[in-house]
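These notes are about the structure you will find just below.
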Amino acid sequence: MDVDTKSRLEAGEVRMKLAFVSDSIYPYNKGGKETRSYELAVNLAKRGHEVHFYTMKFWKGKDVIKQNGFYLHGICKAKPLYIDKGRRSISQAIYFGMNCIKLIKEDFDVVDADHMVYFHLFPVKLACLIKNKPMIITWHEVWGKDYWTKYMGKKGIIGYLMEKISSRLPNKIIAISNHTKENLIKKLNVNKEKIKVIPNAINFQNIQKIKPSKASPRDHPGGRHSDVIFAGRFLSHKNIDVLIKAISTLKKSHPNIKCILVGDGPEKSNLQQLTKRLNLTKNIKFTGIIDDLDDVHSLMKSSKVFVLPSTREGFGITVLEANACSIPVITTSHKDNASKDLIKQGKNGFICKLNEKDIADKIKTAIKQSQKMKHGCIDEAKKYDWKNIIKKFEGVYNG
């Protein structure tokens, strides 16, 4: 931190000029990390900081716009994040990374860059070195050598090296969970003193004000009420197909069971075909992307249980959102699924094996106990309200 910034902080002027860098952001992209970045920017702006977010230009009009108190910079044209089979686009990552060199012309006290997909981190580091400003990287999940080679074959070693080199660039790393911190140390050999764990947060008070959905089937593809709900990207590691098979198992004893699948992604067509093949079109509804997050929470409140059958989550913010909506969560025991760490068995949800039988059994248990578990869900969710988390970010940026 330079002398001018330090003197302002010591004088009690805590207002900082913060730069965030990511190739995607809510509401243009509906993932958990995008929502987190957006809410972080909004809450920091509310606390008097000048916040600038550098991303691809997903909107029409001016390259720089102001929304909800912070500045949104479109530094390049928007390109698809994913290509076939849900893989991240390398060409998009390189294209965005090249355009991040524009930060050399920008003014900021601190940069906080999203770690994915690595290429942009190098020009951002260069800008920080030229300006003598600190660089922070927010790390959501660690892949490591084994997963990279599984993902890309022999070429995966290049991805692994990029990941490992990138972890050496920042002054500090914000890990979104202890799970991510442990993997940074174990898989990438990052010095533990360099890592600060700050969990994701939710707008708990706002969620409490939302009413359960009252839409009729004609007004909303999800209908009025459901037994089971999922919300997220339709990617292979989310294992939504296993949830669909679990609904098929449950249908034998509960013929009218209802499930809502909120979202979109490369697996959507396969999941719709599986639903038809298992004769579940009257039991499972695909809503597509719902633009307003409040509407998603409204649907959660009109459901009985949230199921996240994912095997790879750096955190799992939808777990907190579902709990804040007073419903228990079912997720898997997989070693790479950090969302299981948010579950206290029988209090705010259940941890299961990744198979349709165990998921079906846990759904039946959760539906029976959903009313009793409401208070436990709320108690766990409120710990992650933004008002309880935001000062931790300020502490890292100030430091």
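Values for this structure:
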{"quantity": "Region 144-165 - residue that is more than 16 Å from Ile90 (Cα to Cα) and either within 20 Å of the chain's Cα centre (by Cα) or of a type in the set (Asp, Glu) (or both) and, of those, surrounded by the fewest Cβ atoms within 10 Å (Cβ to Cβ)", "calculated": "Asp146"}
{"quantity": "Residues (open to solvent by less than 10 Å² (accessible area, probe 1.4 Å) and β-branched (Val, Ile, Thr)) located in region 362-389", "calculated": "Ile363, Ile389"}
{"quantity": "Subset of region 125-143 (residues that are more than 22 Å from the chain's Cα centre (by Cα) and not in a loop (DSSP other than H, G, I, E, B))", "calculated": "Lys125, Leu126, Ala127, Cys128, Leu129, Ile130, Lys131"}
{"quantity": "Answer from Gly61, Gly31, Gly48 - the residue that is surrounded by 14 or more Cβ atoms within 10 Å (Cβ to Cβ) and out of contact with any helix residue (DSSP H, G or I) (no Cβ under 6 Å at 6 or more places or on another chain)", "calculated": "Gly31"}
{"quantity": "Test: Lys66 is out of contact with any Phe, Trp or Tyr (no Cβ under 9 Å at 6 or more places or on another chain), closer than 24 Å to Asn206 by Cβ and modelled with pLDDT under 95", "calculated": "no"}
{"quantity": "All helices (runs of 4 or more DSSP H) inside region 149-215 with 1 or more residues being of a type in the set (Ser, Thr, Tyr)", "calculated": "156-166, 178-188"}
{"quantity": "Failed condition for Ile104, given (1) in contact (Cβ under 8 Å) with a residue 24 or more places away in the chain; (2) under 30 Å from Ser269 (Cα atoms); (3) surrounded by fewer than 17 Cβ atoms within 10 Å (Cβ to Cβ); (4) not acidic (Asp, Glu)", "calculated": "(2)"}
{"quantity": "So Leu354, is it in contact (Cβ under 8 Å) with a residue 12 or more places away in the chain and crowded, with 24+ Cβ neighbours inside 10 Å", "calculated": "no"}
{"quantity": "Matching entry among Ser226, Ser310, Ser253 (being small (Gly, Ala, Ser) and open to solvent by 30 Å² or more (accessible area, probe 1.4 Å))", "calculated": "Ser253"}
{"quantity": "Residue among Val42, Val21 that is under 22 Å from Gly399 (Cα atoms), at pLDDT 95 or above and in contact with a Cys (Cβ under 9 Å, 6 or more places away or on another chain)", "calculated": "Val21"}
{"quantity": "Every pair of residues 6+ apart whose Cβ atoms lie under 7 Å, when the first sits in region 108-120 and is farther than 14 Å from Leu44 by Cβ and in contact (Cβ under 8 Å) with a residue 40 or more places away in the chain while the second is among the β-branched types (Val, Ile, Thr) and open to solvent by 10 Å² or more (accessible area, probe 1.4 Å)", "calculated": "Phe119/Ile94"}
{"quantity": "Selection within region 64-81 - surrounded by 16 or more Cβ atoms within 10 Å (Cβ to Cβ) and out of contact with any Asp or Glu (no Cβ under 6 Å at 6 or more places or on another chain)", "calculated": "Gly69, Phe70, Tyr71, Leu72, His73, Ile75, Cys76, Ala78, Leu81"}
{"quantity": "Breaking point among (1) crowded, with 24+ Cβ neighbours inside 10 Å; (2) in contact (Cβ under 8 Å) with a residue 60 or more places away in the chain; (3) among the aliphatic types (A, V, I, L, M), for Leu293", "calculated": "(1)"}
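Residues are listed down the side, and each one gets a yes or a no for (1) touching a strand residue (DSSP E or B) at 6+ places or on another chain (Cβ under 6 Å); (2) under 28 Å from Pro255 (Cβ atoms):
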residue: Asp292; (1), (2): no, no
residue: Ser298; (1), (2): no, yes
residue: Val319; (1), (2): yes, no
residue: Ile327; (1), (2): yes, yes
residue: Ala366; (1), (2): yes, yes
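The values are calculated or read from the model by the stated rules, or taken from the named source; none is laboratory data. Fair warning: this is a prediction, and the values are worked out from it, not measured in the lab. When we count neighbours, we look across all protein chains shown, and the Cβ atoms used for this are built from the backbone with ideal geometry, even at glycine. Note: areas computed on protein heavy atoms with side chains; ligands, DNA, RNA excluded. Shrake-Rupley method; radii C 1.70, N 1.55, O 1.52, S 1.80 Å.
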